[in-house]
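Colleague: Okay, handing you the structure first.
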Amino acid sequence: MPLIPYALARPFLFGLDPEAAHDLTLNAIARTQGTPLECLYRQSRVDDPLTLAGLQFPNRVGLAAGLDKNARCIDGLGAMGFGFVEVGTVTPLAQPGNPQPRMFRLPQANALINRLGFNNGGLEAFVANVQRARFRSQAKPLLLGLNIGKNAATPIERATDDYLLALIGVYPHADYVTVNISSPNTKNLRALQSDEALDGLLAAIAQRRAALAVEHRKQVPIFVKIAPDLDEAQVAVIAATLLRHGMDGVIATNTTLNRDAVQGMAHAEEAGGLSGAPVLQASNRVVRQLRSALGKGFPIIGVGGILTAQDAISKIQAGADVVQIYTGLIYQGPALVRQAALAIKKYG
């Protein structure tokens with residue numbers, strides 16, 4: 001167990017502006033990871049191995065991308081008991097993201113709204129941080145996913161160029177790469193989920209991955225992250241496109257633009273992606289539709305709305321192989337990682 005229960009830290013953090021609390025927490029983890037102070041949040045990792053997409057996952061609970069955009073805290077986050085950690089989204093060039101304020105809490109709904117907009121220090125700094133991380137020296141290291149996107153200033157017609165640049169940069173350092181085409185906070189990005197655009201993007205990625213596999217003598221799995229705001233026909237098209245281009249898995253889902261569950265609450269009308277408990281059912285619906293369209297063996301990472309161990313099990317029941325959390329970590333603290341991993345292990 002962590003030395004300091006999160007219930008003691010949360011009132012202080014929730015008294016701060018959400019982005020200020022986010023930055024303070026990441027800075028603290030970055031400074032304390034690998035030191036004796038790591039005991040403040042360290043907990044033992046549940047052993048529940050699973051082979052998926054050719055990778056050995058130490059357990060079935062991971063951290064979703066977006067929390068550690070610059071890959072500064074891989075070791076510290078791993079100390080919380082995650083079986084895998086995904087960092088990013090990284091873009092080829094550094095960019096500040098959208099104007100502040102751009103993060104909002106909706107505590108009544110155990111939810112967040114963010115419109116950060118892929119704020120990050122760029123590919124070069126990101127890779128340098130990944131290389132500094134020490135997790136691979138462990139006897140059973142966690143898996144590391146590197147999440148890539150396009151720069152806001154890059155026209156959507158040139159988006160593929162950015163994804164290929166990012167793929168080339170992260171490929172040697174990743175256990176898997178995630179192609180993020182579903183953030184609502186980069187203009188027109190979700191248009192890449194449409195039939196023709198997705199077909200072109202994934203064809204280019206598959207071709208470049210084949211060359212990188214030869215160059216680096218390893219095949220790095222590629223996952224594609226999609227939105228919850230898709231109908232069944234759109235999900236079916238995406239599933240067919242993933243299969244056609246030999247993608248290794250799908251991550252379902254990103255944040256939602258839907259506000260039905262939070263109407264009338266403070267900040268509910270803020271622009272951006274809504275995450276947390278209100279996304280659970282929509283995310284699970286997309287997971288079920290993907291499983292139906294993709295068949296039994298295709299890897300699915302389920303993410304969206306996990307605030308309890310039972311929520312994590314609901315993702316597995318919907319058809320996910322493994323799960324990720326983000327907003328649940330902010331509301332419940334590191335204990336949720338272990339609770340969810342134990343529950344999934346017991347569920348089988």
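Colleague: Starting from the Cα gyration tensor of segment 135-218, take the square roots of the eigenvalues, sort them a ≥ b ≥ c, and report rounded, prolate or oblate (rounded when a/c is under 1.5, otherwise prolate if a/b is larger than b/c, else oblate). Intermediate values should be presented prior to the final figure.
Modeller: Details: a/c = 2.46, a/b = 1.66, b/c = 1.48.
Prolate.
Colleague: With r defined as the distance between the Cβ atoms of ASP47 and ARG259 and R0 fixed at 51 Å, what FRET efficiency is calculated, to the nearest 0.05?
Modeller: Working: r = 40 Å, r/R0 = 0.79.
Efficiency at R0 = 51 Å is approximately 0.80.
Colleague: Right, next: Express in % the proportion of alpha carbon pairs of the chain at distances exceeding 39 Å.
Modeller: On the way: 3483 of 60378 pairs.
Tail of the P(r) past 39 Å holds 6 percent of the pairs.
Colleague: Between segment 71-127 and segment 189-257, what's the alpha-carbon centroid distance in Å?
Modeller: 21
Colleague: How far apart, in nm, are two points set 7 Å out from the Cα along the Cα-to-Cβ line at SER137 and at GLU270?
Modeller: That separation, rounded to one decimal, is 3.9 nm.
Colleague: While we're looking at this one, here's another question. Pop a pseudo-label 7 angstrom from the Cα along the beta-carbon direction at both ASP17 and LYS345 and give the gap in nm to one decimal.
Modeller: 4.1
Colleague: Continuing with this model, one more query. Rounded, prolate or oblate for segment 197-348? Axes are the square roots of the Cα gyration tensor eigenvalues, ordered a ≥ b ≥ c, and the cut-off for rounded is a/c under 1.5.
Modeller: Working: a/c = 1.88, a/b = 1.44, b/c = 1.31.
In terms of gyration-tensor shape, prolate.
Colleague: In sequence order, what are the phi-derived ³J(HN,Hα) couplings for segment 243-249 according to the Karplus relation 6.51 cos²θ - 1.76 cosθ + 1.60 with θ = phi - 60°, rounded to whole Hz, with x for glycine and proline?
Modeller: 5, 4, 9, x, 5, 8, x
Colleague: Sticking with this one: Subtracting the Cα-Cα distance from 0.36 nm times the residue separation, let me have the gained length for ASP195 to GLU157 in nm, one decimal. Could the numbers behind the result be given before it?
Modeller: Values: separation 38, 0.36 × 38 = 13.68 nm, distance 1.45 nm.
Working it through step by step, the gained length comes to 12.2 nm.
Colleague: Then there is this: How much of the DSSP beta bridge set in the chain is antiparallel, as a percent to the nearest 5? Don't skip to the answer; put the middle values down first.
Modeller: Working: 13 of 41 bridges.
Bridges in the chain that DSSP calls antiparallel: roughly 30 percent.
Colleague: Around THR241, under 11 Å between beta carbons, what's the net of Lys plus Arg minus Asp minus Glu among the other residues?
Modeller: Numbers: positive: ARG244; negative: ASP195, GLU196, ASP199.
Here the count lands on -2.
Colleague: Give the lysines reachable from LYS345 as a straight Cα distance under 26 Å; neighbours fewer than 8 places away on the same chain don't count.
Modeller: LYS140, LYS225, LYS296, LYS315
Colleague: Now a separate question. Of all chymotrypsin sites (Phe, Trp or Tyr not before Pro) in segment 1-34, which ones are in loop regions per DSSP and have a Cβ with at most 14 other Cβ atoms within 10 Å? Mind dumping the intermediate values first?
Modeller: Values: sites: TYR6, PHE12, PHE14; in loops: none.
Those that pass, being in a loop and sparsely packed, number zero.
Colleague: Does segment 55-112 come out rounded, prolate or oblate, given a ≥ b ≥ c as the square roots of the eigenvalues of its C-alpha gyration tensor, rounded meaning a/c under 1.5 and, failing that, prolate meaning a/b above b/c? It would help to have the intermediate numbers written out before the result.
Modeller: On the way: a/c = 2.62, a/b = 1.30, b/c = 2.01.
It comes out oblate by the Cα gyration axes.
Colleague: Using helices alone, what [θ] at 222 nm do you get for the chain, with -39,500 (n - 2.57) per DSSP H run of 4 or more residues, divided over all residues and rounded to the nearest 500?
Modeller: Details: 11 runs with 130 residues, N = 348.
So the calculated ellipticity at 222 nm is -11500 deg cm²/dmol.
Colleague: Assuming R0 = 22 Å, can you tell me the calculated FRET efficiency for the pair GLN219 and ASN188, based on Cβ-Cβ distance, to the nearest 0.05? List each step's numbers first, then the result.
Modeller: Values: r = 31 Å, r/R0 = 1.41.
Efficiency for this residue pair is about 0.10.
Colleague: Another question, if that's okay. Take the chain, connect every pair of alpha-carbon atoms lying under 10 Å apart with a spring to form a Gaussian network, then pick out the residue of ASP231, ASP161, ASP47 with the largest mean-square fluctuation.
Modeller: ASP231
Every read-out reported here was derived from the displayed coordinates using simple, explicitly stated rules and does not represent laboratory data. Everything numeric in this text was worked out from a predicted model, so none of it was measured. Positions of Cβ are generated from backbone atoms using ideal geometry, with glycine treated the same way; all protein chains shown enter the neighbour counts.
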